[in-house]
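Before I ask anything, here is the structure I am working with.
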Amino acid sequence: MTSPRLTLAYVPGATPAKWLRVWAERHPEIPMDAERVPLEEVRARLDDGRADAALLRLPSEVDPTSVEELHVIRLYEETQVAVLPRDHAFADFGELSGEEFAELSGEVLDPVALGEKYGESGPLGDEQLIEVVASGAGIAVMPQPVARLYSRRDVRAVVLTDARATAIALVWRRDSSSPLIEDLAGIVRGRGAKSSRGSADGASGPPAAKSTSASAGGRSGGSGARRQQTRGTSAQGSTASRRPPRPKRKRGR
């Protein structure tokens, strides 16, 4: 008889470590295997059984009940950033408004076009996209945790205050619910070990979302919160105290 175990897939930038730790404490006899996989592979792994559940990235405005065939528990939101070459005119800005970012719209790289250019079967991956940014060929927009994951010294990540956030959610197929998956759902929702197990039928109800941010105050993209006058952030998220003077844009850049 095969011993029970659970397999969790998670997209780059998601951070399952704390839930894996709680799982190991509550179920030391049942291993949970966690594997980071590209976003476009998550659904296939759920459908063919290679993953029992997944931490998936969704647009923040998606209604969890509308995701076909999946239970969805929204966990937290992610701030969006522009990844710029280190010597870019805006690289030392801590954040950019929508109006300021509009000046850069002609520099934003197209991952799909780049994927075709480099012979990929789909869009160019975020790590490779950041390499292209570092070469000075353009800029990229992505969730802040992804920029941190693939951070490097020759690029900077600048928070986009008016960009729509993305959300990380725990998902699993509606036809594959089990007591183990329900226990995992309870863990990510913060239920204690002695709490009664909730029904999977209620999984789609979104709990209060938390946001990731470069600043200590935390802010989801497009939240309308007061802008902090900070200096530039590296992809690791470090900040200084003052915002530099607005640079003059050079024609043809």
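Only one residue in 181, 130, 73, 168 is more than 18 Å from the chain's Cα centre (by Cα), outside any loop (DSSP other than H, G, I, E, B) and surrounded by 16 or more Cβ atoms within 10 Å (Cβ to Cβ), so which one is that?
Values: 130 fails: more than 18 Å from the chain's Cα centre (by Cα); 73 fails: more than 18 Å from the chain's Cα centre (by Cα); 168 fails: more than 18 Å from the chain's Cα centre (by Cα).
Of 181, 130, 73, 168, the one residue that is more than 18 Å from the chain's Cα centre (by Cα), outside any loop (DSSP other than H, G, I, E, B) and surrounded by 16 or more Cβ atoms within 10 Å (Cβ to Cβ) is 181.
With the condition kept exactly as written, say whether any residue in segment 2-22 is modelled with pLDDT under 90, surrounded by 14 or more Cβ atoms within 10 Å (Cβ to Cβ) and of a type in the set (Ser, Thr, Tyr).
Just the residues of segment 2-22 that are modelled with pLDDT under 90, to begin with: 2-5.
Remaining after also requiring surrounded by 14 or more Cβ atoms within 10 Å (Cβ to Cβ): none.
Scanning segment 2-22, I find no residue that is modelled with pLDDT under 90, surrounded by 14 or more Cβ atoms within 10 Å (Cβ to Cβ) and of a type in the set (Ser, Thr, Tyr), so the answer is no.
Here are some conditions: (1) more than 20 Å from the chain's Cα centre (by Cα); (2) surrounded by fewer than 14 Cβ atoms within 10 Å (Cβ to Cβ). Residue 89 meets all but one. Which one does it not meet?
So the condition that residue 89 fails would be (2).
Of everything in segment 92-126 that's of a type in the set (A, V, I, L, M) and farther than 22 Å from residue 61 by Cβ, which residue is most open to solvent (accessible area, probe 1.4 Å)?
Going residue by residue through segment 92-126, those that are of a type in the set (A, V, I, L, M) are 96, 102, 104, 108-109, 112-114, 124.
Then drop every residue that is not farther than 22 Å from residue 61 by Cβ, which leaves 104, 109, 113-114, 124.
Values: 104: 0, 109: 31, 113: 50, 114: 21, 124: 15 Å².
Per the criteria, the residue is 113.
Checking residue 53 against (1) of a type in the set (A, V, I, L, M); (2) in contact (Cβ under 8 Å) with a residue 12 or more places away in the chain; (3) open to solvent by 10 Å² or more (accessible area, probe 1.4 Å); (4) under 20 Å from residue 176 (Cα atoms): exactly one of these is not met. Which one?
Checking residue 53 against (1) of a type in the set (A, V, I, L, M); (2) in contact (Cβ under 8 Å) with a residue 12 or more places away in the chain; (3) open to solvent by 10 Å² or more (accessible area, probe 1.4 Å); (4) under 20 Å from residue 176 (Cα atoms), the one that fails is (3).
The values are calculated or read from the model by the stated rules, or taken from the named source; none is laboratory data. Computed from a predicted model, the values in this text were never measured in an experiment. Methodologically, a virtual Cβ is constructed for each residue, glycine included, from the backbone with ideal geometry; neighbour enumeration extends over all protein chains shown. The area values use the complete protein model at the heavy-atom level, side chains included, leaving out ligands, DNA and RNA. Shrake-Rupley method; radii C 1.70, N 1.55, O 1.52, S 1.80 Å.
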